[in-house]
Each structure stands twice: as structure tokens, then as C-alpha cells.
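Here's the structure we're looking at; comments come further down.
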Amino acid sequence: MPASLAALLPGYACNTFDYATRAPAGDGLPTYREWIEVFRNSIPTFRSHALTDTTVPDDKRQAAAERFAADFHAALDALLANPTQPAPGYPASQPLNCFNLCKLREDVLHAAGFTDIFAEVKAAESARALALLPGVCAELDSHGGLAEQFGLALRGVFAGNIFDLGAAASAELHAAGGISFAATRDKLLPRPWAVDDYDQVLALVAAAERRAGASSSVSHPASSAAPAPAFTPLAHGPLLWRKAALFVDNAGPDVVLGMMPLARLLVKMGAEVLLMANRGATINDITAAELAPMLVAAAAAEPAGPLGWAVGTGRLRVVSSGSDMPVIDLSQLSEEAVAATADCDLIVLEGMGRAIETNLNCQMRCDSLKLGMIKHPEVAALLGGRLYDCVCRYHPGAEASAGAAALAAAAAVAVPVAAEAV
């Protein structure tokens, strides 16, 4: 039975944008018609990957791919013609919103006989990214201040999130050969971003670091002359958040070079970390079954480091969210996910689907972060941003906030220090 994340507040609704009621207003902002075309524009990418799905017999694959394309076109045409009625045969396609249109596309794909059309590209991109992970982690460790490391890790999350084959713009980039993780991270659009709480997040980390005086205990600068020392967990407990649930998005550089280093950094800060991944396949999103062995491989690459220690002790592990969608409704999780996250004091949602098109404005009982890159012009228009703009939204917890507590404690410590200086 689907269940709700314990951190949700009453009145939770997952969809960020209202597709159904917005009428043309001459302001250039998208209506339901433009959103339907967004999904139509994904058909060529889905069709081409369906043709590579070897789980469908060779003699049936072409016809199945054409059936998907024709049936999804027809369903979208029906919604255009009558936006208040479900597409014939798909009662869950109403009301018109991002969640239901994603579900419609998945339903049509499954009806044509496909279950994981991006499996091949997910595996290839993930293997390539795993080879780069030690270098990314070493670079993070070489930055002395924890807030500086956190900032670089967040930028890595945005850079990794460009690997998204569900959006036409980023799918075209990948088809053209893609761009490197390091180049993307170094050339993110200039701030301010479309939603920009970046400074606020780093201020929380810096406050916790000042309060604990813990910079030297969580930073292990590496040099070419000597290997990094073995990881030692913080003796005095968590620096900021005690337990974090990270709802991850895509395979490849997104989860490996973006979210794994962020998880690793949270481990260094003393947190227990859950990587929440889909139960079922959708687009190029990572599944829990795919992510678990990847995490083991990442840990094996640094057995004496934070990943090796955390995976070995169970402080970093994979949990199935119960979802099989590229967006997420946090009131429809698996019982396993709800139980595992019940005592979290930080929820991180990552990716355009989970953190922007759904859940962007959702405050929770505990602290929450929404991180992602904008890959639809329509989303950029509604947020007053740019294509490939970043979203970094921080909501302090409505009932308890580790971040607010860190700021208050750091301020209290700073007062007598300032008085002595006078």
C-alpha cells in the first residue's frame, strides 16, 4: 500500500505548475497546450531508444516502437481536443498535470511491450561515471573549508543533472556526444539562478562548522606526495543534519558524480544517508536495484575513505522509494521508504522532475533541499529563469530545523567572542 513521507505537512500537493486552468493570457507563458507539446517532443527520443531494447524480440520491436509513438500521439491529440476529459483508455490522464502526463507516457510505453528502453545507455553512462568518481571526490577533499566543499558538491549536482533523456534539449545534447561533467560544472549559468538559496545553504554549513570548530576533522586535503588518511567519523556527533534522505534522479554522471559526492560529504559531516531510488524503470532514471551494486563498487574504490566506511557500517545505503515515475508524489511511497525516512531531519529532492516540476514549493516538517537544472523552456519561463538555469531551494523545517538551530548556536558563540575583541 502506498504511504506518505512522515515529513509531509497537511495539504501537500506534489505538482508545481497548474496545467489545466491556465488560459492563454498573451504573456508568453505556457498553457496546457504547450505542456502537451513538451511531452509530444519526447516521442522521437523514446522511439529511438525503444528500437534498441533487446528485451523485445527483433521481429516485433519495430512495430512495438511505432505503436508507442502512434498511441502516444493519439492520446495527446485527444487531450488537446478535450482537455477536461481523459484520453480514451487512460482514465488516469486527468487532471492535466506533470505527474499524470508522465504516467500516461509510461502507460502507453508499457502497453506497447517496453519496460526499460534506456537500460543500455544507463549502464554505459554509469560505468563511465564510476571511473571518474575517485577524482571528483579527491577534488572535493582538496578544498579546505567544509562550506567550500559543500558549494562545489552542489554545483556538481547541477552539472550531473544535465544527463536527462526525458527532456528534448538535454537528450539532443547527449545524442550529439554530450559535454563533460567538469566542463558543465565550471560553466554553470551565472547567478542569480532561477531559484537561488545557495548562499543560505552554505551559510548553514559554515555556521555549523564554526560552532563545532570542526574544519580540520572533516577535511582531508590530499597531496600527490602522500595518500589521504583513513577516514575517521566525527567523535562529537553530527555537524548539522543527523539523517538525510536523498531522492536521486538519473543514472550516469547525475547519481554517480553529483549525488554520491554529496552523500559522501554528508557522511563526513556525521549524517546517516539514504539514497532513495526508483523501484521501477522510467526514462534514464536509476533504480534501486541498479544503484545498490554501483554504491558497493564506489565504496570498493576507497575502502579506507568515507564511502568505504559508510557503506561497510550501513551509514550509507540504498532504499527503494516505491516509485516508477520520473516525478514523485511523496504521499505515494513504499512502506520501506516511509519507515526508513521517518526520523530524517533533511530531505533532498533532486532533478527537474522530483524537485522542480513536482515538490518545488513543498515545505516539510524538517529541513528540505530541492536541487535541479531546468531543461524545459516552459519551466524556465514560469520560474523567470533561463534554459539550463539552476534551482537551489532550501526550506527550513516547519516543526524542527537543524539548519536554523545551527545558525542560532553559531550566533550565540559569536557574541562573547565579539565582546572580548572590543
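Quick rundown of the values:
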{"item": "Interchain or long-range residues, amide H under 5 Å from Leu316's placed H", "result": "Val273, Val311"}
{"item": "The chain: relative contact order in percent, alpha carbon pairs under 8 Å with at least 6 residues between", "result": "22 percent"}
{"item": "Potential lengthening between Gln363 and Arg279 on full extension [0.36 nm per residue; Cα-Cα distance subtracted]", "result": "27.8 nm"}
{"item": "In nm, spacing of pseudo-spin labels at Ala235 and Leu188 (7 Å Cα→C-beta vector)", "result": "3.5 nm"}
{"item": "Alpha-carbon spread of the range 32-115, three principal axes, descending order, Å", "result": "39, 21, 19"}
{"item": "Solvent-accessible area, 1.4 Å probe, carbon plus sulfur percent, for the range 32-115", "result": "56 percent"}
{"item": "Computed label-point distance, nm, for sites Ala411 and His73 using a 7 Å Cα→Cβ extension", "result": "6.0 nm"}
{"item": "Nearest-20 debye value, the range 32-115 charge dipole, Cβ charges on Lys, Arg, Asp, Glu", "result": "80 debye"}
{"item": "Sum of -39500 (n - 2.57) over DSSP H runs of 4+, divided by residues of the chain (222 nm, nearest 500)", "result": "-14000 deg cm²/dmol"}
{"item": "Accessible area (Å², per residue) of the range 32-115, counting only protein heavy atoms and a probe of 1.4 Å", "result": "45 Å²"}
{"item": "Estimated FRET transfer efficiency (Ala297, Ala398; beta-carbon r; R0 56 Å; 0.05)", "result": "0.90"}
{"item": "Stretchable slack from Ala92 to His143, in nm (0.36 nm times residue separation minus alpha-carbon distance)", "result": "13.5 nm"}
{"item": "For Kirkwood radius over Cα pairs in Å, calculated from these coordinates, the label among [x] 30.5; [y] 22.2; [z] 24.7", "result": "[y]"}
{"item": "Label-point separation, Asp324 to Ala380 (7 Å along Cα→Cβ), nm", "result": "3.4 nm"}
{"item": "Protection-proxy order for peptides 256-262, 397-403, 340-346, 380-386, each taking the mean of Cβ atoms within 10 Å per residue, highest first", "result": "256-262, 340-346, 397-403, 380-386"}
{"item": "Local electrostatic count at Ala50 - Lys and Arg +1, Asp and Glu -1, tallied over other residues with Cβ under 15 Å", "result": "-3"}
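The values are calculated or read from the model by the stated rules, or taken from the named source; none is laboratory data. What you are looking at is a predicted structure, and each value in this text was computed from that prediction instead of being measured. All Cβ positions, even for glycine, are placed from backbone atoms using ideal geometry, and neighbour counts span all protein chains on display. What goes into the accessible areas is simple: the full protein's heavy atoms, side chains included, and nothing from ligands, DNA or RNA. Shrake-Rupley method; radii C 1.70, N 1.55, O 1.52, S 1.80 Å.
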